[in-house]
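See below for the structure under consideration.
The values are calculated or read from the model by the stated rules, or taken from the named source; none is laboratory data. These figures come from a predicted structure and were not determined experimentally. When we count neighbours, we look across all protein chains shown, and the Cβ atoms used for this are built from the backbone with ideal geometry, even at glycine.
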Amino acid sequence: MYFPKVIFIVLFCFAVMLFSPAEAGFSFRCHVNGAGLLSAPRAEDDFYLYVNYDWMRAHPLQRGVDEVSPFSLADDGMASEAIDNETLNIINGYFDDIKAVYARRIMASDMFSEGAKSAAIQKLDALTLRIGLPGEGHNAPDAAKKTGAYYDYLKNEVLLNPALLVSPFFNPATNSDDRETNLGSIGVILAHEISHSFDVHGGNYDPSGNMVKWYTEDDDNASMERLAVIADFMSKYSLDDDENVNGCKKAYESFADMRALDCLTRIVMRGSPSEEESREGLRRLFVSYAWTSRQMVSDRFISEHREALHALDNVRVNAALSSNDMFYYVYDVKIGDGMYVRKRERPRVW
Ligand SMILES: [Zn+2]
């Protein structure tokens, strides 16, 4: 099994936790020559670090996580009532675009039975977005209060922290001429959470959040086959110098990351009138994804994170990109490049 069997799992995702106690200092583990990457023309070894190198170098010591977590920003007065209509319209538009792409992918995929396809579409139709903070009656553990978004299986609802609706996660002012940068951040976050509604765990809950299993045995098996490939894929990443990622632990959440990125690349390509604009839009999408996933962590955090369901953000970003054919296209990634994975070894998410 790749995830614990509990009544519900609250999956808290994409937190930008700039966490590094002063006594631990800068201990982010990198296995590449950062100076070399700065002059690299493309993402040869580590896209995450390539994008974030300057920022990481400039922040050798970080404040505690409470000072910078999205939820503490929200607690400081960024309330959902303060969100203007323009922002709401744009975010709801992203939400609908993502659901529409997922619906098409589900219908075209051979991994769902016919019954599961129609159940998944019904769930997507009923899925709601709520911008706010977890309150009474929400299925969020305390830990989730430090995160940006989660999918609630029992409500079929994505809860999004209003503090994520500010730059660099989202900028309504640039939406008309740089939508892709928004999509690479808030878009990926939404798409990740939405994908949980129809994944192997979401398959246990109906559109109203009742525990009614709609995955058949064949649907379970098709998901497990893909998760096994992802587990193997993830286990090739190293956590630090002497230990690789626990791929089985990370497979479920990594599946959501890969589906989210796949979904957003399709939205960008559909909205681009020419190949050149498509390539440029995808480039901005990928850079935004890495930039807003930046993370500074302590040795203790790395150690405590080994058994977590999410990989560290540098692994999440690099793994999702290496699984995505469009990344190879945009950066001309070739055999011999650090992030190159043979096509037949890239996980299939549909
Ligand atoms: Zn998740």
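Overview of results
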| read-out | value |
| --- | --- |
| Residues that are surrounded by fewer than 24 Cβ atoms within 10 Å (Cβ to Cβ) and touching a residue at least 12 places away in the same chain (Cβ under 8 Å), drawn from the stretch 197-210 | Asp199, Val200, His201, Gly202, Gly203, Asn204, Tyr205, Asp206, Pro207, Ser208, Gly209 |
| Any hit, the stretch 310-318, residues being among the charged types (D, E, K, R) and either under 17 Å from the mean Cα position of the chain (by Cα) or closer than 23 Å to Val349 by Cβ (or both) | yes |
| Index of the failed condition, Ser293 passing every other in (1) within 16 Å of the ligand (Cβ to nearest atom); (2) modelled with pLDDT under 95; (3) crowded, with 23+ Cβ neighbours inside 10 Å; (4) under 17 Å from Met234 (Cα atoms) | (4) |
| The one condition in (1) over 19 Å from Leu88 (Cα atoms); (2) modelled with pLDDT of 55 or more; (3) among the small types (Gly, Ala, Ser) that Ala149 fails to fulfil | (1) |
| Ile302 touching a strand residue (DSSP E or B) at 6+ places or on another chain (Cβ under 9 Å) and among the hydrophobic types (A, V, I, L, M, F, W, C) | yes |
| Residues being in a helix (DSSP H, G or I) and at pLDDT below 90 - total across the stretch 70-116 | 10 |
| From Tyr252, Tyr237, residue being within 16 Å of the ligand (Cβ to nearest atom) and either of a type in the set (Phe, Trp, Tyr) or modelled with pLDDT under 95 (or both) | Tyr252 |
| Every residue from the stretch 180-215 that is outside any helix (DSSP H, G or I), of a type in the set (A, V, I, L, M, F, W, C), within 15 Å of the ligand (Cβ to nearest atom) and in contact with a Gly (Cβ under 7 Å, 6 or more places away or on another chain) | none |
| Pairs, first under 14 Å from Phe255 (Cα atoms) in the stretch 309-327, second surrounded by fewer than 23 Cβ atoms within 10 Å (Cβ to Cβ) and of a type in the set (Lys, Arg), C-beta under 6 Å, six or more apart | Ser323/Arg346 |
| Every residue from the stretch 84-135 that is surrounded by fewer than 13 Cβ atoms within 10 Å (Cβ to Cβ) and touching a strand residue (DSSP E or B) at 6+ places or on another chain (Cβ under 6 Å) | Thr128 |
| Sole residue being more than 24 Å from Ala311 (Cβ to Cβ) and away from the ligand (no atom under 15 Å from the Cβ), chosen from Asp218, Asp232 | Asp218 |
